[in-house]
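The next block holds one structure in the form of structure tokens; read it before the comments.
The values are calculated or read from the model by the stated rules, or taken from the named source; none is laboratory data. Since this is a predicted model, take the numbers as computed values, not measurements. Glycine gets a Cβ as well: all are built from the backbone with ideal geometry, and neighbour counts include every protein chain shown.
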Amino acid sequence: MENTSLNIALLIDSDNISPKYVETIFDELKPIGTVTVKRIYGDWTLGQAKSWKSVLAEYAILPVQQYAYTSGKNSTDSAMIIDAMDVLYLHKVDVFCLASSDSDFTRLAARLRESGKRVIGMGESKTPKAFVSSCDSFRYLDVLSGEADSDVSASDNSITPLRDIEQEILSMLSQRETGAKVLISVVKDNLQRKYSDFDERNYGFSKFSSFLKSFDAFSVVSDSERYSLYICQAYSAQRAEIEAYVKEMLKNRGGKMNIGEVNTKLLERYRDFSVKALGYKQIKPFLADIDGVIIKNCDLILKK
């Protein structure tokens with residue numbers, strides 16, 4: 001649950017954020033806390049001022065003037081960065097929201113986090129991964145406001161692929177005791193720590209439980225008004241099939257095979273094979289856990 005007593009500093013880069021996203025920005029920040037600092041940066045002598053005028057008044061956002069002294073150079077960035085550091089030391093702020101799709105704020109986000117502040121980034125789905133990853137969490141404004149293409153979650157490289165999400169969840173579940181259930185709130189927290197931009201809404205789901213139910217590898221169950229997650233029987237059966245296949249290969253090869261060759265054969269037979277999804281970082285410890293086999297140097301050997 002969010003701590004709604006947190007003080008938030010909202011800093012908007014007008015060169016990279018459209019006025020149409022302002023309502024979405026404030027809607028996203030409302031459950032988190034109170035926006036006590038609201039500033040937007042740009043050269044207000046240019047035409048962009050007209051589109052922002054009514055929005056600034058409605059949301060009481062303070063416009064900060066920054067002249068574009070050199071053509072083709074973005075002076076807004078430096079003004080926003082300097083102001084952010086002033087706010088860090090002069091105001092009682094718990095959270096910084098940096099609204100921009102510009103990777104130039106990557107180091108600023110990292111610096112604010114080094115000072116113990118939570119950083120929320122907001123921008124379009126075109127935002128470079130470096131800036132997204134430097135924030136504690138990142139929201140894609142075009143996706144949340146319905147402005148993005150309908151298939152953006154499937155095609156845009158900035159959004160974490162569903163396959164990566166599935167493997168991370170399976171890895172999380174596989175590290176626990178067989179049959180153990182995990183609260184989906186814990187699953188979501190872990191995903192958000194791993195992927196700063198994770199949000200089920202990026203994939204077209206309004207609820208996290210509905211998002212999880214779209215996968216075949218695990219099941220969602222309700223228990224006293226709380227939802228838990230566990231690996232489904234079909235996936236457990238697949239692991240047993242993989243282990244049986246490994247032992248059958250060893251038997252047909254005289255009881256001994258190179259580990260690298262075993263891995264190659266598994267990838268050939270199971271196109272989606274991944275030791276990470278099984279809870280392992282490398283193929284060797286996975287093979288070592290198969291009953292009836294041992295590892296010597298780089299070879300997998302069938303026990304006699």
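General remarks:
- Flag if Leu56 is part of a helix (DSSP H, G or I), surrounded by 14 or more Cβ atoms within 10 Å (Cβ to Cβ), of a type outside the set (Asp, Glu) and modelled with pLDDT under 95: yes
- Whenever a residue of the stretch 196-217 is in contact (Cβ under 8 Å) with a residue 60 or more places away in the chain, its partners that are crowded, with 17+ Cβ neighbours inside 10 Å and of a type in the set (Lys, Arg), lying with C-beta atoms within less than 7 angstrom and at least six residues away or across chains, give the pairs Asp199/Arg139.
- Taking the listed residues Leu170, Leu141, the one that is in contact with a helix residue (DSSP H, G or I) (Cβ under 9 Å, 6 or more places away or on another chain), modelled with pLDDT under 85, buried (at least 20 other Cβ atoms within 10 Å of the Cβ) and not assigned by TED's automatic domain parsing to the domain that holds Asp272 is Leu170, with no other qualifying.
- For the stretch 23-38, filtered to residues that are under 22 Å from the mean Cα position of the chain (by Cα) and either closer than 22 Å to Ser78 by Cα or of a type in the set (Val, Ile, Thr) (or both), the residue that is surrounded by the most Cβ atoms within 10 Å (Cβ to Cβ) is Ile25.
- Elements of type strands (runs of 3 or more DSSP E) in the stretch 60-144, at least 1 residues being in contact with a Lys or Arg (Cβ under 7 Å, 6 or more places away or on another chain): 62-65, 95-99, 118-123
- Extreme residue, farthest from Ser54 (Cα to Cα), among residues of the stretch 1-18 that are at pLDDT below 95 and in contact with a Phe, Trp or Tyr (Cβ under 7 Å, 6 or more places away or on another chain): Asp13
- Taken residue by residue, the stretch 174-189 has at least one member that is out of contact with any Leu (no Cβ under 8 Å at 6 or more places or on another chain), modelled with pLDDT of 90 or more and loosely packed, with under 12 Cβ neighbours inside 10 Å.
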